[in-house]
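> One structure follows; several queries about it will come next.
The values are calculated or read from the model by the stated rules, or taken from the named source; none is laboratory data. Bear in mind that the values here come from a model prediction, so they are computed numbers and not experimental data. Using ideal geometry, Cβ is built from the backbone for each residue, glycine included, and neighbour counts are taken over all protein chains shown. Keep in mind that these areas ignore ligands, DNA and RNA; they rest on the heavy atoms of the full protein, side chains included. Shrake-Rupley method; radii C 1.70, N 1.55, O 1.52, S 1.80 Å.
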Amino acid sequence: MAEKIKLTGVPETMLQTIYARAKESKGRGAIHDSKAEEIISSLDYDFSLADKDAAMHSGVIARTIVLDKLAKNSGAVVVNIACGLDTRCYRMKGYAHWYNLDLPETMEVREKLLPEDGAISQLAMSAMDDWGEMISERDTPVLVIIEGLTM
């Protein structure tokens with residue numbers, strides 16, 4: 001049975017972006033995101049507005065291509081601020097540790113759909129909070145992704 005997700009406002013945008021990645025992955029294939037495809041196929045949600053928003057789709061895919069190249073094999077600690085349902089941590093290899101950070105409401109949905117452990121941690125907090133104190137690796141370069149804040 002499909003998971004019914006009810007979100008409004010800014011948190012709802014995470015469904016639109018993961019849908020764009022899943023649709024591209026199954027369609028033209030400019031990116032491959034099997035985790036996004038898996039999540040979208042498990043949801044009960046009306047994506048008709050996202051289907052009509054070509055500019056949003058193109059922007060998501062362009063940012064995905066660029067940011068995936070930056071994060072690939074970096075050896076860094078990665079902090080993905082306002083991560084939503086970003087699945088980049090599953091496509092990338094070679095990072096020291098990956099921290100996904102977003103508001104508690106968003107992280108509650110993420111935990112349900114993408115439970116993490118090991119080299120991937122979830123931080124339920126605002127980007128304005130002192131998240132630097134949560135990073136345990138001190139002598140490792142850090143790559144901070146703010147895609148979710150800058151859309």
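> In segment 108-141, which residue that is modelled with pLDDT under 90 and outside any loop (DSSP other than H, G, I, E, B) is least open to solvent (accessible area, probe 1.4 Å)?
Ranking the qualifying residues of segment 108-141, first place goes to GLY132.
> Where the second residue is outside any loop (DSSP other than H, G, I, E, B) and open to solvent by less than 40 Å² (accessible area, probe 1.4 Å) and the first is in contact (Cβ under 8 Å) with a residue 60 or more places away in the chain and hydroxyl-bearing (Ser, Thr, Tyr) and lies in segment 138-151, which pairs have Cβ atoms under 7 Å and are six or more apart or on separate chains?
THR140/VAL77
Every residue, every condition in (1) of a type outside the set (Gly, Ala, Ser); (2) touching a residue at least 60 places away in the same chain (Cβ under 8 Å), yes or no:
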site	(1), (2)
GLN16	yes, no
LYS35	yes, yes
ALA55	no, no
ALA62	no, no
